[in-house]
Amino acid sequence: MAHSPNTPLQPLTALKSGPLKGRLKVPGDKSISHRALMFGALATGTTRITGLLEAGDVINTAKAVTALGAKAEKKGPVWEVKGRGTGGLMQPEAGIDFGNSGTGTRLMMGVIAGHGITVHMSGDASLSRRPMSRVLKPLRLMGLETAEDRETLPLTVRGTASLVPIDYVLPVPSAQVKSAILIAGLMAKGQTTVVEKEATRDHTERMLRYFGAQVRTVEKDGTTRITVTGDAELEGRDVVVPGDPSSAAFLIAAAVLVPGSDVTVEGVLVNETRIGFYKTLQEMGADVVLSNPREEGGEPIADIRARASKLKGVNVPADRAPSMIDEYPMLAALAGFAGGDTRMEGLAELKVKESDRLAATAAGLAANGVSATVDGDTLIVHGTGKVKGGGTVATHLDHRIAMAFLTMGLASEEPVSVDDTAMIATSFPEFRGLMERLGAVYRAG
Ligand code: S3P
């Protein structure tokens, strides 16, 4: 697998490229793909998934549900999951490796919580550093146990058929934590409620309803209470996965940055809880237009067209962070090309992603001659309208750090290198191929 300490590094360099042109699609949304597999496993009957993201993180979730007795396999273009019903998953024969995926791990903790099974969960070096207490704390209140006195992987977790419902205020704005609790709540006796002070992506709520669960959302005094009814029965469904806006972000950013470009990405998920990056680009003056709005699989989608644009620095408020949390490395790199400062507030969660993305982004900018200041949870990029480049970026097993700087290098004066690209396959294996189809130039090494 890409993250073994013995795997040789795969460095890559982005070169200044000519105009990027074309219309294309990006692979399926990662968040929705994980959920489709897990809810399919918890449903009765067969779930058929079209457009599943076939990237490392999601394949690990497919393997995980299969190991728990809900076989997930590809038949022609469609993935089929043979569900076992809520509470029906089985003791796996061996431990389960979640690779690089925080989403896979945390949501599966919610799944396992409602089953009387014991599962050894592990991951790569990046995942093994990420905090699990945020999900373990509420899940322990519900009845989950862990064998180790530790809050990071590897962990042996034990679920129970008699979970207790909880009413829980999220201490961090995390869709992963919200989802883990709601999933466990499906198997608890009674009503489980999660309260969020800042809206996070709502794919779990939408898809659980689609699978037949009772999920109620009430907004009051600026907070959202989401309640799921326990002892739920889910029914297998057909799911169509829309294009991933977090992957499209790199192609759109490249089109905005490279002079003369005109690129359209078709069929991208444009759920309000996911499009903060595109709003911010428009505020920066980028020619980014959403058109042809429609629905796919219970989610709004649209085509996104971007043309090369002159950018100005903006303030990105903290309350926008959850809707673009995975896009900050790309935005920060873009901000180097803008005239003036771009101030991004409320970035605490960036520090606990696949890497400390705040530090990794700041270091990558510095290596390429972009001046930036980190002030607590705020990142300020001092844009000058152009980026020198010429540096090598340390990616720290983080796919989005790699892709952000490989996008920046297409428009900087000198080439930009990243020390490794292997982990790009965890979320967007087609990244380089699609960029090259648009006209981007990369050189190995
Ligand atoms: C995800 C939620 C986000 C995001 C991650 C996917 C999800 O994490 O960074 O890539 O599918 O729920 P947090 O909810 O922990 O911020």
Legend entry - Highest-first arrangement of 108-116, 54-62, 147-155, 424-432, where packing means the average Cβ count within 10 Å: 108-116, 54-62, 424-432, 147-155
Legend entry - Surface/4 estimate of mean projected area, convex hull on alpha-carbon atoms of the range 351-391, nm²: 3.0 nm²
Inset, instruction - Starting from the Cα of Q91, move 7 Å in the Cα-to-Cβ direction to define the label point; list residues of the range 151-191 whose amide nitrogen is under 18 Å from there. - result: 156-162
Legend entry - Accessible area per residue, Å², the chain with all protein chains present, probe 1.4 Å: 36 Å²
Legend entry - Whole-number percent relative contact order across the chain, with pairs defined as alpha carbons under 8 Å at least 6 apart: 20 percent
Inset, instruction - Would you work out the charge dipole size for the range 159-225 about its Cα centre, treating the Cβ of every Lys and Arg as +1 and the Cβ of every Asp and Glu as -1, and quote it to the nearest 20 debye? - result: 180 debye
Legend entry - Leading residue at positive end of dipole, the chain (Cβ point charges), from M403, V164, I252: I252
Legend entry - the range 204-290: GluC sites (Glu not before Pro) in DSSP coil with no more than 15 other Cβ atoms inside 10 Å: E233
Inset, instruction - Kindly write out, for the range 391-407 in residue order, the coupling ³J(HN,Hα) from the Karplus curve 6.51 cos²θ - 1.76 cosθ + 1.60 (θ = phi - 60°), rounded to whole Hz, with x marking Gly and Pro. - result: x, 10, 9, 7, 8, 6, 6, 10, 4, 6, 5, 4, 5, 4, 7, 6, 7
Inset, instruction - For the range 261-369, give the magnitude of the charge dipole about the Cα centre (Cβ charges: +1 Lys/Arg, -1 Asp/Glu; no others), in debye to the nearest 20. - result: 400 debye
Legend entry - Debye equation applied to the C-alpha atoms of the range 287-412, log10 I(q)/I(0) at 0.11, 0.12 Å⁻¹: -0.39, -0.46
Inset, instruction - Step through the residues of the range 325-342 one at a time and calculate ³J(HN,Hα) from phi using the Karplus curve (6.51 cos²θ - 1.76 cosθ + 1.60, θ = phi - 60°), rounding each to whole Hz and writing x for Gly and Pro. - result: 4, 7, 9, 4, x, 5, 5, 4, 5, 4, 4, x, 8, 7, x, x, 7, 10
Inset, instruction - Just the number, please: carbon plus sulfur as a percent of the accessible area of the chain, 1.4 Å probe, no ligands or DNA/RNA counted. - result: 51 percent
Inset, instruction - Please compute the Cα-Cα pair-distance distribution of the chain with 20 Å bins starting at 0, giving whole percents from short to long. - result: 27, 58, 15, 0
Inset, instruction - Could you tell me which of V370, T227, L12 has its Cα farthest along the dipole of the chain towards the positive end, charges placed at Cβ (Lys, Arg +1; Asp, Glu -1), taken about the Cα centre? - result: L12
Legend entry - Within the chain: Cβ-based charge dipole about Cα centre, in debye rounded to nearest 20 (Lys, Arg +1; Asp, Glu -1): 380 debye
Inset, instruction - Would you mind checking which residues have amide H under 5 Å from I166's amide H? H placed 1.01 Å from N; only 5 or more apart, or other chain. - result: T193
Legend entry - Beta bridges per DSSP with both ends in the chain, % antiparallel, nearest 5: 70 percent
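The values are calculated or read from the model by the stated rules, or taken from the named source; none is laboratory data. These numbers were taken from a predicted model, which means no experiment stands behind them. As a convention, Cβ positions derive from the backbone with ideal geometry for all residues, glycine included, and neighbour counts pool all protein chains shown. Each accessible area value is taken on the protein alone, full model and side chains, heavy atoms only, with ligands, DNA and RNA left out. Shrake-Rupley method; radii C 1.70, N 1.55, O 1.52, S 1.80 Å.
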